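Before any comments, here is the structure.
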């Protein structure tokens with residue numbers, strides 16, 4: 001009897017009778033990857049379709065449904081680059097200038113405003129914080145006309161100033177709030193230690209808070225860049241000189257709702273327009289996730 | 001006792017007077033008969049291709065008038081009007097800009113447009129466009145826009161398909177004839193439609209033709225609705241009958257086709273034989289498909305009034321706050337009457353409003369463009385009574401017609417209830 005018991009594998013003794021073995025972990029992970037990749041491809045399909053269309057002759061874009069072009073061509077890129085009478089690079093450069101300056105403006109102004117709200121005490125702080133949050137609820141169209149009148153009175157229409165100056169005045173309450181939450185998660189003891197060592201409020205901000213705020217700053221920088229790059233309405237209102245057009249305005253110039261739009265060149269230039277955003281996002285992805293994840297946590 | 005004139009006060013007065021004259025000079029103040037001068041901002045809707053044409057016309061104007069510095073701003077239609085609305089609120093409209101007949105009343109009522117009456121007959125020659133042309137931008141308070149171009153409504157046909165079935169469109173004179181021809185062309189088994197449904201889209205010029213043929217108007221001079229539920233009910237009933245017979249597409253099919261633009265149009269895809277359109281769409285359709293596409297005039301109601309003809313004007317306006325009214329008026333005249341200007345702008349916006357200018361373009365136009373121009377010139381010889389300026393809120397009638405048209409097509413409401421709803425709603429937005 002004992003020898004028969006010794007011959008039964010230990011694994012078999014441990015498992016309840018009739019229960020199959022679990023699938024290996026790698027199979028489960030493989031299945032999960034397949035599903036997630038499939039969903040990802042589904043979401044990427046419009047971008048892939050646009051890339052495919054940019055490589056087809058214009059007349060084939062809507063008549064050939066397949067993703068692989070039957071007549072591969074780069075003509076759309078050549079035509080699109082010069083279609084507006086100016087190199088498309090000029091519009092990319094305009095967008096880059098506005099986006100970079102907007103990023104700098106937001107980083108400087110929103111971080112200072114957030115530090116004040118999170119760490120400093122001053123009269124009417126709660127009222128001003130409430131007012132700042134209230135601007136989050138305000139639709140842009142409410143301030144659109146007054147802002148335009150303001151900049152027109154200052155003679156700043158048809159310049160980049162109306163697109164950049166507000167960023168240096170902490171108008172983006174979303175980022176201020178994001179940074180406030182992040183700063184509140186930093187231990188006050190660090191501030192106290194610096195103060196004991198003789199740091200002023202500005203010194204605490206510069207030496208202690210700002211270096212620790214890198215993830216939140218990264219989030220602000222990336223989203224400011226993306227939103228500014230994609231902004232259509234504000235440049236539409238303020239920029240009338242074609243040489244100052246940003247990428248969205250330039251892309252809009254390919255459209256003609258009353259007639260035939262230049263779809264091929266439009267898609268080609270759209271693909272080129274997406275590349276900077278893609279690069280920025282890939283480079284800053286790690287900081288982005290860290291910033292979003294830690295902005296509300298200790 | 002008056003204070004003595006000091007050197008300081010005399011110099012101040014002198015400098016002030018010099019500045020005043022200088023500003024007046026910079027603003028383009030030009031006594032009667034002198035050449036225009038100063039800065040002009042010009043606004044137009046369209047893509048880069050149209051902007052190039054108009055820029056070359058502006059360069060021509062600048063060559064003739066060296067003291068004028070003109071710059072062009074453009075955007076596609078919807079963004080253009082968004083920008084215009086904001087600019088108008090800030091008092092910063094372009095000096096000269098193009099406008100549709102559906103929007104002009106709103107700007108005129110707000111005091112944003114200059115009354116061109118004082119220049120008509122002087123700087124702005126009206127012989128070419130005639131009283132009918134001047135009326136295109138007239139309301140009881142003045143003339144706030146003048147047509148540089150006209151578009152006409154038309155019926156586009158797949159002539160190859162019609163010929164294959166032995167249908168002669170030249171015999172189609174009335175809306176009933178149109179329905180009969182469309183029914184003859186329909187092949188439900190193959191998903192082929194005789195006619196496309198215009199009641200579900202955003203353009204209701206065909207309904208405007210129906211109303212004018214009945215002797216009524218879309219709007220009165222007082223800004224109220226000019227037709228009754230019976231006229232609208234007949235219109236909806238006409239299309240509902242064809243929808244039921246399968247002559248026109250079902251609601252889902254038509255809506256899907258409309259939403260995706262010209263590339264998904266059923267005539268373009270050879271899934272329909274006839275459609276209601278603007279004459280200028282002939283070029284668009286021919287650019288997207290092969291075959292012989294015909295351009296035909298609208299059919300008429302059996303009891304149609306003779307003077308129903310109308311053309312969609314493309315109006316040019318001058319900002320009420322322009323600092324350079326004389327030069328702006330001169331530029332308006334340039335774009336309306338100058339043949340060389342028209343040779344640059346061609347028929348990008350439509351057929352030139354002045355017949356002689358339109359005829360001067362014909363030798364250099366493509367075949368389908370010549371068809372369009374000739375059609376409009378032919379139709380302009382028909383009698384046409386004045387079209388009252390569309391009042392503020394008129395764009396809401398378009399939206400209401402689309403909404404109710406869709407509700408009827410999707411059988412959410414009946415024809416009579418739908419027509420009554422449109423009439424009742426109009427009282428809300430036509431003040």
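Read-outs throughout are calculated quantities, based only on the coordinates presented, and are distinct from any laboratory measurement. Keep in mind it's a predicted model, so treat the numbers as computed, not measured. All Cβ positions, glycine included, derive from the backbone under ideal geometry; neighbour counts span all protein chains shown.
Per-structure values
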| read-out | value |
| --- | --- |
| Cα point-scatterer Debye curve for the protein assembly as shown, base-10 log of I(q)/I(0) at q = 0.05, 0.10 Å⁻¹ | -0.36, -1.15 |
| Cα-only radius of gyration and Dmax that characterise the stretch B:243-331, units Å | 19.7, 60 |
| Helix-only CD estimate at 222 nm, as mean residue ellipticity for chain A, using -39500 (n - 2.57) per DSSP H run (n ≥ 4) | -21500 deg cm²/dmol |
| Extension gain (nm, one decimal) between residue A:41 and residue A:87, 0.36 nm per residue minus Cα-Cα | 13.3 nm |
| Average beta carbon contacts from partner chains per residue of A:146-155, 10 Å cutoff | 3 |
| Normalised contact order of chain A, rounded percent, pairs of Cα under 8 Å and 6 or more residues apart | 28 |
| For the stretch B:340-431, convex hull of alpha carbons as volume per residue, Å³ | 165 |
| Cα-based convex hull volume of the stretch A:157-297 per residue, rounded to whole Å³ | 135 |
| Approximate shape of the stretch A:104-231 as ellipsoid semi-axes (Cα gyration tensor, √5λ), whole Å, largest first | 30, 16, 14 |
| For q = 0.15, 0.19 Å⁻¹, Debye-computed log10 I/I(0) when each Cα of the stretch B:78-164 counts as one equal scatterer | -0.65, -0.91 |
| Square roots of five times the Cα gyration tensor eigenvalues for the stretch B:136-265, Å | 31, 17, 16 |
| Sorted by Cβ neighbour density within 10 Å, fewest at the top, the residues B:126, A:125 | A:125, B:126 |
| Rounded to 5, the percent of DSSP beta bridges in chain B classed as antiparallel | 65 |
| Ratio of the Cα radius of gyration of the stretch B:52-95 to 2.2 N^0.38 Å, where N counts its residues | 1.38 |
| Chain B: translational diffusion in µm²/s, Stokes-Einstein, Kirkwood Rh over Cα pairs, 10 °C, 1.306 mPa s | 67 |
| Rounded to 5, the percent of DSSP beta bridges in the protein assembly as shown classed as antiparallel | 65 |
| Distance cut-off 16 Å, percentage of C-alpha pairs in the stretch A:47-123 lying past it | 68 |
| Radius of gyration and Dmax over the Cα atoms of the stretch B:161-215, both given in Å | 13.1, 40 |
| Partner chain coverage, peptide B:73-86 - average Cβ within 10 angstrom | 5 |
| Principal semi-axes in Å for chain A [√(5λ), Cα gyration tensor, largest first] | 45, 39, 15 |
| Full-stretch length increase - residue A:212, residue A:281 - with 0.36 nm per residue and alpha-carbon distance subtracted | 22.7 nm |
| Over chain B: helical MRE at 222 nm, DSSP H runs n ≥ 4 each giving -39500 (n - 2.57), nearest 500 | -13500 deg cm²/dmol |
| Proxy reagent accessibility, fewest Cβ within 10 Å first, across A:142, A:180 | A:142, A:180 |
| For the stretch A:173-215, convex hull volume per residue from C-alpha positions, Å³ | 62 |
| Within 10 Å of each Cβ in B:44-53, the average number of Cβ atoms from other chains | 6 |
| Cα coordinate range in the stretch B:181-323, projected on the principal axes (Å, largest first) | 58, 41, 28 |
| Residues A:226, B:274, A:280 arranged by fewest to most Cβ contacts within 10 Å | A:226, A:280, B:274 |
